[in-house]
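J.: Right, I'll just put the structure down here and ask away after.
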Amino acid sequence: MSTFNSGLYIVSTPIGNLDDITLRSLEVLKKSDIILCEDTRRSLKLLNHYKIKKKLISYHKFNEQKELKKIIGYLNEGKILSLISDAGTPTLSDPGLLLVKTCIEEDIQIYPIPGPSAITSAVSASGFDDKFLFYGFLPKTENDLVKTINRLKDLDFSLVFFIPGIKINFYLKFFKECFHGRNILIAREISKLHETFYRQKLSTIKDFKTPLKGELTIVISKIYTNNKLSTDAEIINQANKYLNKYSLKDVVELISKKEKISKKKVYEICLKIKKNEKKYN
């Protein structure tokens, strides 16, 4: 077994399948004097599976400040502490950032132990551009969500979010309104028995009839100026629908903006539709 220096070890743990933990992560956890857990009950499932028995301290977003002084005290005594979250890499939309910042201020050694992450797993399976921005959990209220999305909508990168599955339709509504010309990947239960990936164009994806379970990882593609999924047939279908309700000018503006294609192309398609209507009337 390797020797480990004292300090804080940021240990990535499986996001589903317990076999995804790395050999180094197991070594660190076995060598730790104390393991800081987001939820000790969930962490025990992993630790018991690998027969690791160590002192556990509950460390989560509601007691970060309260437990900080005691934890820094252990580290200053030369102990080896591991920080783990319920799943994935700590501090990324999980507790631990305050502790890491304090360790940096106190000149305490920090050792990141690479491993599973829902973020990189979803991006790697998306087929989207590999330049991405990870935002994390989106706001829960409509006003805050609109403000956030309006700040992000013009960024020409893939965008990664976490959202609760039960609110998928709530978020889809705003994704469809603001992220025109983009595609979406919805990753559910990554590495688990019921792992599912939903891939579709945002302009055509429909609401889910029943809410999805668990926490979802959402990847929105970068802006596609020439989105190959925007076929002429699809534009014709949209034009047929809108021309019964709106003026030619408004329809051209609407579809051009929505699908990120030239107004000239939309105008030509709309004119053909109107000529055909006159021919058969």
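Each reported figure results from applying straightforward, stated rules to the coordinates on display, with no laboratory input. It should be emphasised that the depicted structure is a prediction, and the values quoted were computed from it without experimental measurement. FYI the Cβ positions are ideal-geometry reconstructions off the backbone, even for glycines, and counts take in every protein chain you see.
J.: At a Cα cut-off below 12 Å, give the aspartates and glutamates reachable from Lys176, other chains included and same-chain residues fewer than 8 away excluded.
T.: Reachable aspartates and glutamates: Asp207, Glu259.
J.: Compute the Rg/Rh shape ratio of the stretch 70-175: radius of gyration over Kirkwood radius, all on alpha-carbon atoms.
T.: 1.06
J.: Write out the GluC sites (Glu not before Pro) in the stretch 1-90 meeting two conditions: DSSP loop, and at most 10 other Cβ atoms within 10 Å of their Cβ. Mind showing how you got there, number by number?
T.: Numbers: sites: Glu27, Glu38, Glu64, Glu67, Glu77; in loops: Glu38, Glu77.
Those satisfying the criteria are Glu77.
J.: Per-residue counts of other Cβ atoms within 10 Å, averaged by peptide: what ranking do you get for 210-223, 46-59, 185-198, highest first?
T.: On the way: 210-223: 18.9, 46-59: 14.6, 185-198: 16.4.
Put in order of decreasing packing, that is 210-223, 185-198, 46-59.
J.: Remind me, what semi-axes does the stretch 153-281 give for its equivalent ellipsoid, largest first in whole Å, using sqrt of 5 times each Cα gyration tensor eigenvalue? Each step should come with its number before you reach the end.
T.: Working: eigenvalues 229, 47, 28 Å².
After diagonalising the Cα gyration tensor, the semi-axes are 34, 15, 12 Å.
J.: Further question: Give the Rg (one decimal place) followed by the Dmax (whole number) of the chain, computed from C-alpha coordinates and expressed in Å.
T.: 24.6, 89
J.: If N is the number of residues in the stretch 7-116, what value comes out of its Cα radius of gyration divided by 2.2 N^0.38 Å?
T.: On the way: Rg = 12.6 Å, N = 110, 2.2 N^0.38 = 13.1 Å.
Normalised by 2.2 N^0.38 Å, the Cα Rg of the stretch 7-116 equals 0.96.
J.: Right, something else. Is it possible to state the helix-based mean residue ellipticity at 222 nm for the chain, with each DSSP H run of 4+ residues giving -39500 (n - 2.57), the sum divided by total residues, to the nearest 500 deg cm²/dmol? What is it? Intermediate results must be reported in sequence, preceding the final value.
T.: Values: 10 runs with 114 residues, N = 281.
About -12500 deg cm²/dmol.
J.: May I ask you to sort Thr148, Thr204, Thr13 by Cβ crowding, counting other Cβ atoms within 10 Å and putting the fewest first?
T.: Values: Thr148 16, Thr204 11, Thr13 27.
Least crowded to most crowded, the residues run Thr204, Thr148, Thr13.
J.: Reported to two decimal places, what Rg/Rh ratio describes the stretch 119-220 when computed on Cα atoms with Rh from the Kirkwood expression? Before the final figure, lay out the partial values.
T.: On the way: Rg = 12.6 Å, Rh = 13.7 Å.
Here Rg/Rh amounts to 0.92.
J.: Measuring from centroid to centroid over Cα atoms, what is the spacing of the stretch 164-243 and the stretch 87-158 in Å?
T.: 21 Å
J.: Okay, next question. State the dimensionless ratio Rg/Rh of the stretch 61-127 (Rg: radius of gyration of Cα atoms; Rh: Kirkwood radius).
T.: Details: Rg = 14.0 Å, Rh = 13.4 Å.
Here the Rg-to-Rh quotient is 1.05.
J.: Quick one, can you get me the convex hull of the C-alpha atoms of the stretch 232-280 expressed as volume per residue in Å³? Mind showing how you got there, number by number?
T.: Details: hull volume 3.3 nm³, N = 49.
Roughly 67 Å³ of hull volume per residue.
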